[in-house]
Amino acid sequence: MSRLRKLKSVLGLAGIILVAILASPQASDGSNIFLQAGNLTDVLRQMSVIGIIALAMTYVILTAGIDLSVGSILAFATCVTGMIVTRPAAPGGRFTQAALAVGIAMAASALLGAANGAVISVFRIQPFIVTLASMIGVRGLAKWLTRNENIDIGFGSDAAASFANFVNQKAVVVGTFAALAVIFWIILDRTVFGRYVRAIGDNEKAGRYSGLPIRSVKIAVYTLSGLLTGIAGVIYAAENHQGNPNAGIAYELDAIAAVVIGGTSLMGGSGSIAGTIVGTLIIGVLTNILRLRNVDSNVEMMVKAVIIVLAVAIQKNEKAE
Amino acid sequence: MSCEPLILLEGVNKRYDGAKALADASFSVAEGEVHALIGENGAGKSTLSKIIAGAVIPDSASVRWRGEPVRIESPIAAQHLGIGIVFQELDLFPNLSIAENIVIGNVRMERRQWVNRKELGAFCQTYLEQAGLSESPWTRVRDLPIAHMQLVAIARALSFEARLILMDEPTSSLPDDAVERLFALIRRLRAGGVSIVYVSHKMKEIFEIADRITVLRDGATIGTRTASETNIDEIIAMMVGRELAAEYGAPADAYRETILSAQNITTRKLRNVSFELHRGEILGVAGLVGAGRSELGAALFGLDRIVSGSFRLEGSEIRPHSPSAAIGLGIGLLPEDRKLQGLMMQMSVLENSTMAVLGRLQRWGFLSRRKEAGLSAPVHRGMSLKAASNGAPVSSLSGGNQQKVLLAKWLLTDPRVLFLDDPTRGIDIGAKRDIYRIVRELAGQGKGILFVSSELPELLQCCHRILVMRDGHNMGIVDARAATQEQIMTLATSEVTAA
Amino acid sequence: MRFFLCALGIGFLLTGCGTNNGPRKKLVAFSQCNNSEPYRAAQNARMKKLFGAQPDVELAIADAQQDNSKQIAQIEAFIRQKPALLIVAPNERAPLTEVMGRAYKAGIPVICLERDIVEPNYTSYIRSDNREIGRMAGQYIVDYLKKKYGAPRGNIVQLRGLLGVEGEINRYEGAQEVLSKYPEIRTVHEAVADWIQAKARDRMTEALRAQPKIDVVYGHNDPMAVGAYLAAKDLGREKEMIFLGVDGLSGPGGGIEKVRDGILAATFVYPLCVDKAVEIGTRILREPNFRPEKVYTINSVMVTPENAASIEKAAE
């Protein structure tokens, strides 16, 4: 059943790739621009940040929750990374400083996620409301930390610049996404925790009657969401050479869209990491081909809207048959 | 009864995912009769009634309403013809009032854009009275006991001025006194010329109320009998396609040893409940809806806080504060509502049955699928669970098989005490038989079983003793072999004397 | 399967809406940081008009919707298409530096429009000077108050844009440079309205409640100045003070029209920089030996009721 569903969204991706190949403009040497190795890796790199967030978002949505705070946590993580990595000469050298920046940004983001999860599960407030509040609050926190200013990471040879230049490499960005995708896939598919995630989203009450550790699973899921958003934030900071308190606005919606296109139900209980990866790729390839054809950005938004609804509608239909 | 049937269906075919649900079935209802539709789960009676209600479109069928060929393509179309529905799954809006539930989607009210409260109340009051509901029309449905929700659904059907009312398991959650009221209501409706299609498993009720009985098996119509000219054995034989083995005898004797004792348990709903459960004993729990039967399970399973009193499990006092703690102690609870409280509907048979024992199947957090399948296979076999595969979602199973999956979940935890809250509710005879057998086997293994049921004959047949409850009190424990239904009803409805 | 077919359908739609007909045109790619600001929309319109006059040029405009990552991705897609000219209006300095460097190194002529980046990864940078605009506004305030009171004194309110942005910093500090020399000109109220008219109206309402006497309101862009005007009008105090804006866009709803209507006393044109960009870009496209300068600075013009009509005309 779930295998079949995966196949459907993969078929959708195949369709969009085929369209991209057909619709791609040609380079002056007659080759297909879309298929150039450089372009394909561009696509992978460009979608990695959203893709990483969407992995953990898949878990959150599987538990029938939602995390609206990821855009703000991303901004927060870029700021923390930027602030630490641009400190003048820390003891232990450049590598230690960069590692410290990455570590602290991830830990602090995970902590914010854990706070979301704790409030949701202990006070039993709807995830939408809790994460809406932290979306606002964490954005404020990021702006307050930086006094509204971007923390630029230079281009020289100091710790900050070498951090950015290292993390910014395509291989590092795409590799991180790929590794996390594999890990999250395995956790969901092969572990007790993954089983609990789906079970709680399917029927929380039944989970309670079966003695499942609902509270800790929920806290863990939101912590993972924070952690992965932190990792995405580190990458964002390196890619953009700055800590930016205004980064990531509306990223939560992009991540949710990727998850939903991948066939995960907002009602919880059904969905997969494979689907989310496919969903992310569909958005990435679609965006790329629209840009290569220089389609007006307003039209781009309309096409995306159609694709989202179409993807979900068709998967639903096929399930019902 | 006129010669022309009110509704006549012939050559009805319907397939789901390639599997046939109905194969050339036929069915007809005369005006002013109560016509029972009966069959094991999966026999096609739900599909057939949904087709009549317009909720399912058949692949092919010829339908005549008062002799005229019609197509019932939607619930609204059914309503226009005069078909009202009281479904098994209560399709009410819990947050709306009784009155709003009655008029929502009512073709007689929908043309009117503005309806004042007084008018609406008056409109509903008539039907509420007919249905025997005394609540104010402005009560929110979710504040009603389940039994009364059913009556709201009936009142809604009445408000359509329906000529044909479909009732799917209308008594599955009703206490006996409410059943009597419902039957009186059905008889009144019949006298008024309304036809009733009565879908049920309960043989006794069917023979009490139905004029004719149509039996379905494997999607086909086996035959229609006039109730006064047939008997239970014939109908059961038609349903199962073979003679049903003789009734069970009494269960084997229980051990003398006490496994669980309750001393003066008081919770928000229970009042000083005490009892002793022996190893190998099946202790029935009887009582009307709201008597505190499920709450007894809630207290034992750590769902309700125990205000005073204590449980002793094999001699030592226990205080489970959560279901997981209770499970750790060796207590299992099969909840009353299997869809709401029991099953993960989108997950597979295997995943559901191992839900409570995943801790044993893991190493470093990773699940061993081999162990999982190995552990559950003998249990599934032992209860003759019928599923396409271990990987099939439980939502694709019949009610009886779903209940078996839940039972398997608890068997895998190897509990010392198992609380079964109405385990046979809404499942077919074959599955009931399997569940009785399993419960006996469990008792035979020395477990203590608490068995809640709304059907007294079932309790009398399955249990050693029966604890009768009313308003959270233990009204007495009777010996199942010696007791009668009347005796239990008397206890269940008598006044509670001093606490 | 159906998903697949639908995708194909969209594909054919896409292939239909391109402009791949006829001989290959010179592609001019313009990466705009945010279409939804009026100033940016004016830039786009002007650029379309000017390049539209050159039939062998195909202009592609991409909108980054104020998102650095989006703009990087868009420029990457442009680089793949090897345009004859790339014009970038960077959303922010640091994030765009690296990707523009890649385009520049790939041999694509790059014009950096209006906003700077960290390293000179461009063929030419066409800028205007916000600090100079700030100074002009400051000087206007001083002159006005001298005329009003015979001496440079009075109360002013400043409405600031999004904090931390270059334009905001320099429009503020340029004015401070001038005003700080006159201790009797006091900024009695400062509020941040993020460039947005509706916010400015709210912040100005608060200022009006707190300040019994205001002589000049300096909004760091025209919409904020107009918002302040509306707030004052609500309280019947719009005659008590004058309103200054910055940007001076032409066309309906623009700052020049507001000056002509007597709502703003003056505005300072923040040059679109597009005319210069198109001029330099065209020469890069057509004159192989043309060596553009690294930086061009476009001066601002003060718009007053007297010259509003003629400036509007020139911009068309």
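The values are calculated or read from the model by the stated rules, or taken from the named source; none is laboratory data. Keep in mind that this is a model prediction, so the values were computed, not measured. Ideal geometry is used to build each Cβ from the backbone, glycine not excepted, and the neighbour counts take in all protein chains shown.
The conditions of being in contact with a strand residue (DSSP E or B) (Cβ under 8 Å, 6 or more places away or on another chain), within 12 Å of chain C (Cβ to nearest Cβ) and not in a loop (DSSP other than H, G, I, E, B) are met by A:ASN298.
Among the residues of the range B:376-428, which ones are of a type in the set (A, V, I, L, M, F, W, C) and away from every other protein chain (no Cβ under 14 Å)?
B:ALA377, B:VAL379, B:MET383, B:LEU385, B:VAL417, B:ILE427, listed by residue number.
How many residues, within the range C:259-281, are in contact with a Gly (Cβ under 7 Å, 6 or more places away or on another chain) and either surrounded by fewer than 19 Cβ atoms within 10 Å (Cβ to Cβ) or not in a strand (DSSP E or B) (or both)?
Total meeting the criteria: 2.
In contact with a Pro (Cβ under 6 Å, 6 or more places away or on another chain), closer than 23 Å to A:GLN169 by Cα and among the polar types (S, T, N, Q): is that true of A:ASN240 in this structure? So A:ASN240 passes the test.
For the range A:12-39, filtering for residues that are at the interface with chain C (Cβ under 10 Å from one of its Cβ atoms) and either touching a Pro at 6+ places or on another chain (Cβ under 6 Å) or in a helix (DSSP H, G or I) (or both) leaves 15.
Of these, A:GLY263, A:GLY271, A:GLY284, which one is within 19 Å of the chain's Cα centre (by Cα) and more than 12 Å from chain C (Cβ to nearest Cβ)?
Step by step, each of A:GLY263, A:GLY271, A:GLY284 is checked, and only A:GLY271 is within 19 Å of the chain's Cα centre (by Cα) and more than 12 Å from chain C (Cβ to nearest Cβ).
Using the structure shown, decide if A:ILE283 is closer than 27 Å to C:PHE30 by Cβ and surrounded by 22 or more Cβ atoms within 10 Å (Cβ to Cβ). So A:ILE283 fits the description; yes. Sort out which residues of the range A:187-210 are of a type outside the set (Ser, Thr, Tyr), touching a Gly at 6+ places or on another chain (Cβ under 8 Å) and either facing chain B (nearest Cβ under 8 Å) or at positive phi (or both), and write them in order of number. Within the range A:187-210, A:VAL192, A:PHE193, A:ARG198, A:ALA199, A:ASP202, A:ASN203, A:ALA206 meet the criteria. Right, C:TYR144: in contact (Cβ under 8 Å) with a residue 40 or more places away in the chain and hydroxyl-bearing (Ser, Thr, Tyr) or not? Here the answer is yes, as C:TYR144 does meet what is asked.
All of A:ILE314, A:ILE283, A:ILE307 fail the test of being in contact with a Lys or Arg (Cβ under 9 Å, 6 or more places away or on another chain), closer than 24 Å to A:ILE33 by Cβ and among the hydrophobic types (A, V, I, L, M, F, W, C), apart from A:ILE283. When the range B:294-312 is filtered for residues that are touching a helix residue (DSSP H, G or I) at 6+ places or on another chain (Cβ under 8 Å) and not in a loop (DSSP other than H, G, I, E, B), the ones remaining, listed by number, are B:LEU300, B:PHE311. Selection of the range C:103-140 for residues being surrounded by fewer than 18 Cβ atoms within 10 Å (Cβ to Cβ) and assigned to a helix (DSSP H, G or I) yields C:LYS105, C:ARG131, C:GLU132, C:GLN139. Among the residues of the range C:47-92, those that are among the polar types (S, T, N, Q) and in contact with a Pro (Cβ under 9 Å, 6 or more places away or on another chain) comprise C:ASN68, C:SER69, C:GLN71, C:GLN81. Taking the stated definitions as given, is B:LEU340 closer than 30 Å to B:LEU270 by Cα and touching a helix residue (DSSP H, G or I) at 6+ places or on another chain (Cβ under 7 Å)? Taking the combined requirement at face value, the residue satisfies it.
Checked against (1) closer than 27 Å to B:ASP421 by Cα; (2) among the acidic types (Asp, Glu); (3) in contact (Cβ under 8 Å) with a residue 60 or more places away in the chain, B:GLU208 passes all but a single condition, namely (3).
Taking (1) buried (at least 19 other Cβ atoms within 10 Å of the Cβ); (2) away from chain C (no Cβ under 11 Å); (3) in contact with a Lys or Arg (Cβ under 8 Å, 6 or more places away or on another chain) in turn, A:PHE184 satisfies each apart from (3). Residues in the range A:77-84 include at least one that is assigned to a helix (DSSP H, G or I), surrounded by fewer than 21 Cβ atoms within 10 Å (Cβ to Cβ) and more than 12 Å from chain C (Cβ to nearest Cβ). Go through the range B:302-329 and give me each residue that's within 14 Å of chain A (Cβ to nearest Cβ) and either more than 21 Å from B:GLU276 (Cβ to Cβ) or within 22 Å of the chain's Cα centre (by Cα) (or both). Correct list: B:LEU303, B:HIS321, B:SER322, B:PRO323, B:SER324, B:ALA325, B:ILE327, B:GLY328. Total residues in the range B:329-362 satisfying the condition of being surrounded by fewer than 15 Cβ atoms within 10 Å (Cβ to Cβ) and out of contact with any Lys or Arg (no Cβ under 9 Å at 6 or more places or on another chain): the figure is 1. Taking the listed residues A:VAL234, A:VAL221, A:VAL167, the one that is buried (at least 18 other Cβ atoms within 10 Å of the Cβ) and within 30 Å of A:ALA313 (Cα to Cα) is A:VAL221, with no other qualifying. Pairing residues of the range B:124-146 that are closer than 16 Å to B:LEU185 by Cα and surrounded by fewer than 20 Cβ atoms within 10 Å (Cβ to Cβ) with residues that are at pLDDT below 85 and charged (D, E, K, R), at Cβ distances under 6 Å and at least 6 apart in sequence or on separate chains, gives B:GLY132/B:ARG181. The selection criterion, being among the basic types (Lys, Arg), closer than 16 Å to B:PHE451 by Cβ and in contact with a strand residue (DSSP E or B) (Cβ under 7 Å, 6 or more places away or on another chain), does not hold for B:ARG312. For the range C:83-102, does any single residue satisfy the condition of being surrounded by fewer than 24 Cβ atoms within 10 Å (Cβ to Cβ), part of a helix (DSSP H, G or I) and more than 9 Å from chain A (Cβ to nearest Cβ)? Yes, there is a match, as at least one residue in the range C:83-102 is surrounded by fewer than 24 Cβ atoms within 10 Å (Cβ to Cβ), part of a helix (DSSP H, G or I) and more than 9 Å from chain A (Cβ to nearest Cβ). Annotation: A:LEU310 fulfils all but one of (1) under 22 Å from A:ASP42 (Cα atoms); (2) of a type in the set (A, V, I, L, M); (3) within 14 Å of chain C (Cβ to nearest Cβ); the unmet one is (1). Only residues that are charged (D, E, K, R) and closer than 27 Å to C:PRO109 by Cα were counted in the range C:292-306, giving 2. When C:ILE133, C:ILE126 are checked against the criterion of being more than 14 Å from every other protein chain (Cβ to nearest Cβ) and either farther than 23 Å from C:ASP67 by Cα or more than 23 Å from the chain's Cα centre (by Cα) (or both), a single residue qualifies: C:ILE133. Close contacts from the range B:174-186, counting a first residue that is surrounded by 17 or more Cβ atoms within 10 Å (Cβ to Cβ) and a second that is polar (S, T, N, Q) and outside any helix (DSSP H, G or I), with Cβ to Cβ under 7 Å and a gap of 6+ residues or different chains, come to B:PRO175/B:SER454; B:VAL179/B:THR171; B:LEU182/B:THR171. Quick one: would you say B:ALA291 is free of Cβ contacts under 8 Å to residues at least 40 places away in the same chain, touching a strand residue (DSSP E or B) at 6+ places or on another chain (Cβ under 8 Å), closer than 28 Å to B:ARG440 by Cβ and not in a strand (DSSP E or B)? Taking the combined requirement at face value, the residue does not satisfy it.
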